[in-house]
Amino acid sequence: MNHKDQMTAAEYIDWLAKREKTNKYNAKRTVHDGVSYASRLEVRRVGELNILLKAKEIIVWSRQPVFKLGDNVDLYRGDFLVIDKHGDIWVEDTKGVETDIFKRTKRNWPVFGPYPLHVMKRKRGKWITKIIEGVSNDG
């Protein structure tokens, strides 16, 4: 049964639970090398980070670092934590749309963020990066 008018209430609830959830910002959850990412934009960046890793421009990157920005309620999960060949550390967040919650994160980052935050957007095939300094940087 695939039409809700022909379903019982229990069947309709089951159908709702199984259907693919859509993101209001059109981000499509994407699996790459067996890992699920929040968007295709993140997967694109993973490919680029892997190229930088092979070229020895970066020494390591990791997914979804979590930071406490102020009180226990304000936790931020970045897309990537990156360490380059010089030992510089930064957090990356790939963005299609900046939500109100992320705008609050941007305001709190200079006060509580431990590393620079690179907010990365794609425009005309290129990354546009805005860097927000963290507290440990002299900026």
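The values are calculated or read from the model by the stated rules, or taken from the named source; none is laboratory data. Because the structure is predicted, anything quoted here is derived from the model rather than measured. FYI the Cβ positions are ideal-geometry reconstructions off the backbone, even for glycines, and counts take in every protein chain you see.
Brief remarks follow.
- Residues in segment 51-87 that are within 20 Å of the chain's Cα centre (by Cα) and acidic (Asp, Glu): ASP74, ASP79, ASP84.
- Looking across VAL31, VAL35, VAL82, one residue alone is modelled with pLDDT of 95 or more and either over 20 Å from ILE131 (Cβ atoms) or buried (at least 16 other Cβ atoms within 10 Å of the Cβ) (or both). It is VAL82.
- Test for TYR76: is it under 26 Å from SER36 (Cβ atoms), in a loop (DSSP other than H, G, I, E, B), touching a strand residue (DSSP E or B) at 6+ places or on another chain (Cβ under 9 Å) and free of Cβ contacts under 8 Å to residues at least 40 places away in the same chain: no
- Residues of segment 38-53 classified as charged (D, E, K, R) and crowded, with 19+ Cβ neighbours inside 10 Å, total: 2
- Checked against the criteria, ASP71 counts as of a type in the set (Asp, Glu) and surrounded by fewer than 14 Cβ atoms within 10 Å (Cβ to Cβ).
- The set of residues in segment 90-114 that are closer than 20 Å to VAL46 by Cα and surrounded by 16 or more Cβ atoms within 10 Å (Cβ to Cβ) comprises TRP90, VAL91, GLU92, ASP93, THR94, LYS95.
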